[in-house]
Every structure is written in C-alpha cells, then in structure tokens.
Amino acid sequence: AVSGDAGGSGGLGSIDVLRELAAMRARGEFSRDVKLLAAANPMRGAEDAARMVAKRELGCDGFITQPALLRDAFAEWHESAVKYGALDDSGDVTCHLGIACIKSTKSLDFWLNLTGVNRSTSAEARMVFDEFVSREIEMSPDVFHDWAFERLELATMHAISTQYCDGAHFMPVTTQGYAFAETLASSVLKTFLSKK
C-alpha cells in the first residue's frame, strides 16, 4: 500500500490506501491471509516511525523500507520505531530493510535524493557523499568497484542483523546495480545462508 507522489498532489496517500484496504478486508472482500504491506523510509527518522504506527493501527502487517543510507538517521528511525511500537517482538508485523546497490557517486546521489536526504543540511550525508567522491577519484575503477561492493555487503549484514527486522530486499535500479545484486546473491548470501 504505497502512494508514490500522490500524497503530495491531492491524490490518495498511503494511509488512505491502507484505511480502504483494511475496510475491504473487514468486509470480507479479500482473505485475511492476504498481507497488507506498506513502505517506510528510515531516512526520515522519528517522523516516519510515527507514520508507521498509524499504518500498523490500520492493519498493516509489515513494512518494506527505503534503503538505510546513513547510520545516524537509521539509528534514530529504528529507535523511534521501537519506542513508538511500530516494530516489536510480537511477531504481528514484519520489516524488510531496503538495500540500494550503489556503484557510483551518481548512484548515491540518486538514492539520497529519492529518500529525501538533503546534503546541504545533513552533515552525515555530506560526509558519506564526500567519501564516495574521493574514493571514486583516488581509486582505480577495479578497486573502487570492490570498495563499493563491500559497502553493499556491509549494508546487507546490517539489515539481516537489525533487531525486529526480518530480512532485506535489494533495490538495483541500473544494470550495474543488478550485477551487484546478482554477485551478492550467488556468492555472499549463499555462503552466509549455508553456515546458518
């Protein structure tokens, strides 16, 4: 149950969509076994955690998030989501953290913009972006590729080890991003899951 940009243009927002879906489920128009999932954006901190509570109260069974690009912003979001009761150990709600397959500074900039992060007002975003810029300039293309892939591996381990989060979903937007996701799935995750 997502609204995309409709919430800002006078169309139905995701809360409205969930409200209608919950009413349809209550009327028996679709099975109670159908899970209602909604989007969440960890880069919006406590504000998004409060929206998650409203979504959960409307019958949302789980969340699929935008990528957690910034450590501090993610920590604020997660702490607030737990504090407000949007995420807990009841088993009533699931959460799959988004992971962006970032292969370049241009890709990072795309994801920062998509998640509403403003580099001019976020010191953490500037620091992360500046590190990508300097690494991309200073490293050979092959070394930078490996460094960027390591960031993907770290994001994956973070996602699958975060309390009250059940898993991860990958968000490769470009052909190169899909190549990253394929490499991760065929080698890293396969090795990790076989050890469990």
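If the condition is being of a type in the set (D, E, K, R) and touching a residue at least 24 places away in the same chain (Cβ under 8 Å), then the stretch 134-146 contributes only Glu136. Restricting attention to the stretch 114-133, does a residue exist that is touching a residue at least 12 places away in the same chain (Cβ under 8 Å), more than 23 Å from Leu184 (Cβ to Cβ), open to solvent by 40 Å² or more (accessible area, probe 1.4 Å) and in a helix (DSSP H, G or I)? Yes, the stretch 114-133 contains a residue that is touching a residue at least 12 places away in the same chain (Cβ under 8 Å), more than 23 Å from Leu184 (Cβ to Cβ), open to solvent by 40 Å² or more (accessible area, probe 1.4 Å) and in a helix (DSSP H, G or I). Looking across the stretch 95-113 at every residue that is farther than 17 Å from Leu154 by Cβ and in contact with a strand residue (DSSP E or B) (Cβ under 7 Å, 6 or more places away or on another chain), the one that is most open to solvent (accessible area, probe 1.4 Å) is identified as His96. Applying the condition of being touching an Asp or Glu at 6+ places or on another chain (Cβ under 6 Å) and open to solvent by 30 Å² or more (accessible area, probe 1.4 Å) to the stretch 70-94 and asking which residue is modelled with the highest pLDDT yields Asp72. Looking across the stretch 70-101 at every residue that is within 13 Å of the chain's Cα centre (by Cα) and in a loop (DSSP other than H, G, I, E, B), the one that is farthest from Thr175 (Cα to Cα) is identified as Leu70. If you take the residues of the stretch 26-69 that are among the acidic types (Asp, Glu) and part of a helix (DSSP H, G or I), which of them is surrounded by the fewest Cβ atoms within 10 Å (Cβ to Cβ)? Only one residue tops the list, namely Glu47.
Residues are listed down the side, and each one gets a yes or a no for (1) touching a Cys at 6+ places or on another chain (Cβ under 7 Å); (2) buried (at least 16 other Cβ atoms within 10 Å of the Cβ); (3) modelled with pLDDT of 85 or more; (4) farther than 25 Å from Pro42 by Cα:
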residue: Arg135; (1), (2), (3), (4): no, no, yes, yes
residue: Met139; (1), (2), (3), (4): no, no, yes, yes
residue: Asp146; (1), (2), (3), (4): no, no, yes, yes
residue: Leu154; (1), (2), (3), (4): no, no, yes, no
residue: Met157; (1), (2), (3), (4): no, no, yes, no
residue: Ser161; (1), (2), (3), (4): no, no, yes, no
residue: Pro172; (1), (2), (3), (4): yes, yes, no, no
residue: Ala185; (1), (2), (3), (4): no, no, no, no
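Selection of the stretch 91-115 for residues being within 26 Å of Pro141 (Cα to Cα) and acidic (Asp, Glu) yields only Asp109.
Beta carbons closer than 8 Å, at least 6 apart along the sequence or on distinct chains, pair a first residue in the stretch 49-61 that is on the phi > 0 side of the Ramachandran plot with a second that is open to solvent by less than 40 Å² (accessible area, probe 1.4 Å) and assigned to a helix (DSSP H, G or I) for Gly59/Leu18; Gly59/Ala22; Gly59/Arg25.
The values are calculated or read from the model by the stated rules, or taken from the named source; none is laboratory data. Just so it is clear, the model here is predicted, and its values are computed rather than measured. Positions of Cβ are backbone-derived with ideal geometry, glycine not excepted, and every protein chain shown enters the neighbour counts. Protein only, heavy atoms only, side chains kept; ligands, DNA and RNA dropped before computing areas. Shrake-Rupley method; radii C 1.70, N 1.55, O 1.52, S 1.80 Å.
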